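See structure below.
The values are calculated or read from the model by the stated rules, or taken from the named source; none is laboratory data. What you see is a predicted model, and the numbers here were worked out from it, not measured in a lab. When we count neighbours, we look across all protein chains shown, and the Cβ atoms used for this are built from the backbone with ideal geometry, even at glycine.
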Amino acid sequence: ILTRGSYLSGAHTYQGLILIRGSYLSGAHTYQGLIRIRGSYLSGAHTYQGLILIRGSYLSGAHTYQGLILIRGSYLSGAHTYQGLIRIRGLYLSGAYNYKGLILIRGSCLSGAHTGSYLSGAHTYQGLIRIRGSYVSGAHTYQGLILIRGSYLSGAHTYQGLIRIRGSYLSGAHTYQGLILIRGSYLSGAHTYQGLILIRGSYVSGSYLSGAHTYQGLILIRGSYVSGAHTYQGLIIIRGSYLSGAHAYQGLIRIRGSYLSGAYNYKGLILIRGSYISGAHTYQGLILIRGSYLSGAHTYQGLIRIRGSYLSGAYNYKGLILIRGSCLSGAHTYQGLILIRGL
């Protein structure tokens, strides 16, 4: 079937090799086989089954795609459902979209509701989702293997599965569940992390946007800047990072070569080495501090071991306190068993 420079309206069924170019199609259309659409306008209800190639076209209305779907340089609006291998490049998508399968999105703008790239609205993605150089706004749900690179995401996003984010800007409300890898990115807004979280070389903020971040599981933060209100639960490893704002840690906390300022609350096993800590800090549990500089107001409760460190400011110790080879200045209050050596 070859259609060129034509106008088709009504109910049509196409089977075989379908080539549509520079045409206008409206009504209810069903395509089965190899479908190639270029420089055309399609409106109405369309169903595609097989290998679907769409380029430089405008599609509006209700569209259902099943099979291998390749869309490039087109504008899509309305309600779209994709099932199979979906590849979208250089597009503008608005409306309600549902994607199932292997989804590859690059250099696109998505708006509206997407389940499954500029994308705006409500979107739901299931399967292997790859988003690159795109702008994504609205409410999005991702399930499966999610790869996001060099993109801007705003709005409400929910990620479930293996999530890898690199060189991207994320603002709004984000919920992550599973294995989360974030590198060289900027995150602002309200973020909730559950599972294994790896953050490296990133800027995570929330203070000026009233951003709240909650982490649950195994959290690794390296070479990052973290500001705002953060809550960590589980195994927390922080290295070579700058943290400011209000932070609450519960579990096993390991901090090395980092700068921490603001208000901090630690509960559990706390290991601090080669770090600079200023502000108001409260520690409860087993606290081991080595080769660090501490200033501000600190309260320790439990078993506290400090070695080769410099402490200035106001300190309150309760429990078993072991201090060796350290310099202490300021106001210090001790309650319990205190052992100080090599001062």
- Do the conditions hold for S261, that is, is it of a type outside the set (A, V, I, L, M), assigned to a strand (DSSP E or B), modelled with pLDDT of 85 or more and closer than 22 Å to Y334 by Cβ? no
- Query: Does S137 count as modelled with pLDDT under 75, in a strand (DSSP E or B) and touching a Ser or Thr at 6+ places or on another chain (Cβ under 7 Å)?
  - Reply: no
- Being surrounded by 20 or more Cβ atoms within 10 Å (Cβ to Cβ) and of a type in the set (S, T, N, Q) is the filter; apply it to region 222-255 and report the residue that is modelled with the highest pLDDT. S241
- Message: Anything in region 245-280 that is polar (S, T, N, Q) and over 17 Å from Q233 (Cβ atoms)? List them, or say none.
- Response: S258, S261, S275, S278
- Hey, Q66 of a type in the set (S, T, N, Q) and within 23 Å of S134 (Cα to Cα) or not: no
- Item | Every residue from region 264-287 that is within 18 Å of Q335 (Cα to Cα) and of a type outside the set (V, I, T) | H281, Y283, Q284, G285, L286
- Task: Considering only region 1-25, state which residues are outside any strand (DSSP E or B) and either loosely packed, with under 15 Cβ neighbours inside 10 Å or under 40 Å from the mean Cα position of the chain (by Cα) (or both).
- Result: I1, G5, S6, G22
- Among the residues of region 26-37, count how many are of a type outside the set (G, A, S) and over 40 Å from the mean Cα position of the chain (by Cα). 0
